[in-house]
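**Student:** Have a look at this one before I ask anything.
The values are calculated or read from the model by the stated rules, or taken from the named source; none is laboratory data. Fair warning: this is a prediction, and the values are worked out from it, not measured in the lab. Ideal geometry is used to build each Cβ from the backbone, glycine not excepted, and the neighbour counts take in all protein chains shown. Quick note on the areas: whole protein, heavy atoms, side chains included, nothing else; ligands and nucleic acids left out. Shrake-Rupley method; radii C 1.70, N 1.55, O 1.52, S 1.80 Å.
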Amino acid sequence: MDGGTEPWVASPGSRGQRWRATPASTAPHACLLSILLCLTLGLAPLHVAAEADERVVGVLFVIHGGSQDWTDRGAFDTAAQLFSYDQNSAVYQRFLWDPRIWPRFMDFGNGPKEALKYRFEYDRIDGPSPFYGITFSQMSSLEAALDARAQEMGVRFVVDLASWMAADPKHHPWPRLVYGPGSPQGQPLTYCGPADDPWPDCDPERHNVDGPIPRLLEQGVTEIVVIDMTVGGARFSKTHDVVRTLRARLAAEAGEGGKPVRLRWLNDPRDLMRDSYPVEPAGWTRSLGPPAADRSVPLEDAPNPVVSSPLLALLHAEGIAERFNPEVEEAETGIVLLGHALRRYDEYFDPKIDDTLTLHQTIALELLRTYPELKEHRIVGAWAGDMVLNETLTDTPAGGYERSRPMRGENLGYAALYEQPGVHPQGKWGYRYWEALDYLRADGVEHIVVAFPQIVAESVLNMVEVPNQIGKEVGYRNWLYYEKGDFDRYPKVGHPFADYWGIWVNTECRNGDSTVACCLEMGGCADGRPYPPARQTPPDRRRNDMDPSLGYDIPAFGHIGYDPALGRPSDDHPVQQQYRGTWAMWRPPNDDPRMGELMARFIVEAVRDGR
């Protein structure tokens, strides 16, 4: 199995073919066979480059990844991959490799909520996510940009893909770590669905495959560079998971006492995340809570060059301008740059929020340079909602934190700055997204563009999830494309909106000794059922992710500016202080060839400098 205590060497094969891993105990025979074969055929031994002076550089394009469409197998695999990175979690230690648990694996935690959310989102776009098609197009552009420079540099580039969550397990940084077992009593992860209803076209050995490192080594690479777009170029603990795993795989290939092939992460060229990782307790991960001892590396000494790229900013600025309302002057347009935040305790080593601020501010400068009629104070940053402390909770695995209605039932907004636990951005870059929208509404803007620069490729996140989050605040009828619809992106209904968000909440509420349908209509239901629904979870228990009190109607003109005490809302026109302008989502860079050029520039610079 991959990653055992034995070192591994490559068996004979020609460049470009898959090699079979051979235990070190048989290595002398393999090497002798290789030399004899090469002498017979007049070829150089396999571990010698075809041309002695050829420099072979491996390039790994790292992405977030996920399911291409929402199937039971895809959901199971991505959840298993997620938990495979944290050896301290209860799921890793007790459940991941236990066949008795596999049929119920997606029933734990927020699995039921995620299943309902993603089923709706993939159904709304009527097909698989465009994300992977765009990603492979970006990868092709990258290869073309590198090939154009390769001869002049005297370098052969070999490009591959690595993914934090991999729809195709071969792109996981080390698939056999998921295959396992990683727990003493576990069994290899081979689940293919219930015995009486197996998943179609499911290979139980799908994780028992080589990942990107063996493929690159087969090609004779002697150095590897990583260019990362997991969250749009910002550093993030998820990419740290990938890089750490890739380096561990290289160490396993080198064997005890061997020298691993060098791997450089170009978004973190000084390895801040590695060098600032907590040291106590040994083997710390976030599931253990705050670390006992942390290492500190000054952020100013280790910047991320990718997020300050003018070209990356320009690509986002153009995508924002594409969604301007042609009937509204630029001076009357507001822009919200929205981001997701950290997982709690990762701020001890993760500068994602600081990097995202740099990205947002660089985009803002590019917008003002390219579209000078825009007003600086109308370009703002924003974050999603965060968990809140319920002081009656004392013994839950997540401590005293739970979802809340004021925070829109969300948990992706812990925007702590690097090495500053609990300290969030302030001022125009520190809004929650509903606060940013309300600020722009009150400032009188007539059109708002919402961008999510932490992604560079279209997915259900920006096509469905974020539009519903925005729609509940400022209304579906204010959406720029409401009148004509957008049937190219939403073939079935022409728009991304659900009746309410989250689409996953339970819809039955207690009514004495029985239950009734919860009211999910802003202003309350005609028969007197209240909106929002009352909390159904007892106050001394952690609020369930699917509690109806976390559901929001998506009204015609939004919640912002509406007070139910002042009268009923209208589906025909805004009332009270509701937003009266239009809004739209930006277009990500997607398959613009300049994405490949952007990444190639950082790779070429690093290879030339030999850093």
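**Student:** Return the residue satisfying two criteria in turn: it lies in segment 321-344 and is aliphatic (A, V, I, L, M), closer than 28 Å to F236 by Cα and not in a loop (DSSP other than H, G, I, E, B), and of such residues it is nearest to the chain's Cα centre (by Cα).
**Tutor:** Looking at the filtered set, the residue picked out is L342.
**Student:** While we're here: Please go through segment 416-441 and pick out each residue that is in a helix (DSSP H, G or I) and touching a residue at least 40 places away in the same chain (Cβ under 8 Å).
**Tutor:** Filtering segment 416-441 down to residues in a helix (DSSP H, G or I) leaves 427-429, 433-441.
Selection gives K428, W429, Y433, W434, E435, A436, L437, D438, Y439, L440, R441.
**Student:** Something else: Output the qualifying pairs, or none if there are none: Cβ atoms under 8 angstrom, residues six or more apart or on different chains, first residue in segment 220-239 and of a type in the set (S, T, Y), second residue assigned to a loop (DSSP other than H, G, I, E, B).
**Tutor:** Short answer, once both residue conditions are applied: T222/V261; T230/F236; S237/R343; S237/F349; S237/D350; T239/T230; T239/N267.
**Student:** Still on this structure, please answer the following. Does F108 fit the bill of being among the aromatic types (F, W, Y) and either open to solvent by less than 30 Å² (accessible area, probe 1.4 Å) or modelled with pLDDT of 95 or more (or both)?
**Tutor:** Considered against the rule, which asks whether it is among the aromatic types (F, W, Y) and either open to solvent by less than 30 Å² (accessible area, probe 1.4 Å) or modelled with pLDDT of 95 or more (or both), F108 comes out as no.
**Student:** Another one. Looking at the structure I just gave you, is G58 on the phi > 0 side of the Ramachandran plot and either surrounded by 19 or more Cβ atoms within 10 Å (Cβ to Cβ) or not aromatic (F, W, Y) (or both)?
**Tutor:** No, not satisfied.
**Student:** Of the residues V178, V243, only one is β-branched (V, I, T) and farther than 15 Å from F61 by Cα; which? Explain how you work it out, then say what you get.
**Tutor:** Details: V243 fails: farther than 15 Å from F61 by Cα.
From the options V178, V243, the qualifying one is V178.
**Student:** Can you tell me which condition K375 does not meet? The list is (1) open to solvent by 30 Å² or more (accessible area, probe 1.4 Å); (2) under 28 Å from I603 (Cβ atoms); (3) of a type in the set (K, R), and all the others hold.
**Tutor:** Every listed condition holds for K375 apart from (2).
**Student:** Cβ contacts < 9 Å: first residue in contact (Cβ under 8 Å) with a residue 60 or more places away in the chain, restricted to segment 547-559; second residue open to solvent by less than 10 Å² (accessible area, probe 1.4 Å) and among the acidic types (D, E), any location; separation 6+ or different chain. Result?
**Tutor:** Once the first residue is in contact (Cβ under 8 Å) with a residue 60 or more places away in the chain and sits in segment 547-559, its partners that are open to solvent by less than 10 Å² (accessible area, probe 1.4 Å) and among the acidic types (D, E) give Y552/E473; G558/E473; H559/E473.
**Student:** Please specify each residue of segment 555-589 satisfying the condition of being touching a strand residue (DSSP E or B) at 6+ places or on another chain (Cβ under 6 Å), open to solvent by 10 Å² or more (accessible area, probe 1.4 Å) and among the hydrophobic types (A, V, I, L, M, F, W, C).
**Tutor:** Within segment 555-589, just M585 meets the criteria.
**Student:** Applying the selection to segment 236-253, what residues are more than 18 Å from Y414 (Cβ to Cβ), out of contact with any strand residue (DSSP E or B) (no Cβ under 8 Å at 6 or more places or on another chain) and open to solvent by less than 30 Å² (accessible area, probe 1.4 Å)?
**Tutor:** T245, R249
**Student:** Moving on to the next point. Of the residues that sit in segment 529-544 and are of a type in the set (K, R) and over 27 Å from the mean Cα position of the chain (by Cα), which one is most open to solvent (accessible area, probe 1.4 Å)?
**Tutor:** R541
**Student:** Moving on to the next point. So which residues in segment 464-480 are over 14 Å from F557 (Cα atoms) and open to solvent by 10 Å² or more (accessible area, probe 1.4 Å), if there are any at all?
**Tutor:** E465
**Student:** Let me ask something else. Identify, from the list L142, L116, the residue that is assigned to a helix (DSSP H, G or I) and either open to solvent by less than 30 Å² (accessible area, probe 1.4 Å) or aromatic (F, W, Y) (or both).
**Tutor:** Of L142, L116, the one residue that is assigned to a helix (DSSP H, G or I) and either open to solvent by less than 30 Å² (accessible area, probe 1.4 Å) or aromatic (F, W, Y) (or both) is L142.
**Student:** Can you confirm whether L359 is in a helix (DSSP H, G or I), more than 25 Å from the chain's Cα centre (by Cα), crowded, with 22+ Cβ neighbours inside 10 Å and among the hydrophobic types (A, V, I, L, M, F, W, C)? Before the answer, list the steps.
**Tutor:** On the way: in a helix (DSSP H, G or I): yes; more than 25 Å from the chain's Cα centre (by Cα): no; crowded, with 22+ Cβ neighbours inside 10 Å: yes; among the hydrophobic types (A, V, I, L, M, F, W, C): yes.
So L359 does not fit the description; no.
**Student:** Quick one: which of E435, E446 is at pLDDT 95 or above, surrounded by fewer than 19 Cβ atoms within 10 Å (Cβ to Cβ) and under 30 Å from F131 (Cα atoms)? It would help to see each step written out before you state the result.
**Tutor:** On the way: E446 fails: under 30 Å from F131 (Cα atoms).
Exactly one of E435, E446 is at pLDDT 95 or above, surrounded by fewer than 19 Cβ atoms within 10 Å (Cβ to Cβ) and under 30 Å from F131 (Cα atoms), namely E435.
**Student:** I'd like to check something: does segment 318-330 contain any residue that is of a type outside the set (F, W, Y), under 22 Å from Y345 (Cα atoms), out of contact with any Phe, Trp or Tyr (no Cβ under 6 Å at 6 or more places or on another chain) and open to solvent by 60 Å² or more (accessible area, probe 1.4 Å)? Give the derivation first.
**Tutor:** First pass over segment 318-330, keeping only residues of a type outside the set (F, W, Y): 318-323, 325-330.
Subsequent filtering for residues that are under 22 Å from Y345 (Cα atoms) retains none.
Looking through segment 318-330, none of the residues is of a type outside the set (F, W, Y), under 22 Å from Y345 (Cα atoms), out of contact with any Phe, Trp or Tyr (no Cβ under 6 Å at 6 or more places or on another chain) and open to solvent by 60 Å² or more (accessible area, probe 1.4 Å).
**Student:** Taking the conditions exactly as written (within 28 Å of L389 (Cβ to Cβ), under 32 Å from the mean Cα position of the chain (by Cα) and either among the aromatic types (F, W, Y) or open to solvent by 20 Å² or more (accessible area, probe 1.4 Å) (or both)), does D547 satisfy them or not?
**Tutor:** no
**Student:** Before we move on, is G127 outside any helix (DSSP H, G or I) and under 21 Å from the mean Cα position of the chain (by Cα)?
**Tutor:** In short, yes.
**Student:** Out of the residues in segment 443-462 that are under 25 Å from A331 (Cα atoms) and among the small types (G, A, S), state the one that is nearest to the chain's Cα centre (by Cα).
**Tutor:** If we take residues in segment 443-462 being under 25 Å from A331 (Cα atoms) and among the small types (G, A, S), then A451 is nearest to the chain's Cα centre (by Cα).
**Student:** Looking at (1) closer than 30 Å to Y85 by Cα; (2) open to solvent by less than 60 Å² (accessible area, probe 1.4 Å), which one does L288 not meet, given that it meets all the others?
**Tutor:** Going through (1) closer than 30 Å to Y85 by Cα; (2) open to solvent by less than 60 Å² (accessible area, probe 1.4 Å) one by one, L288 breaks only (2).
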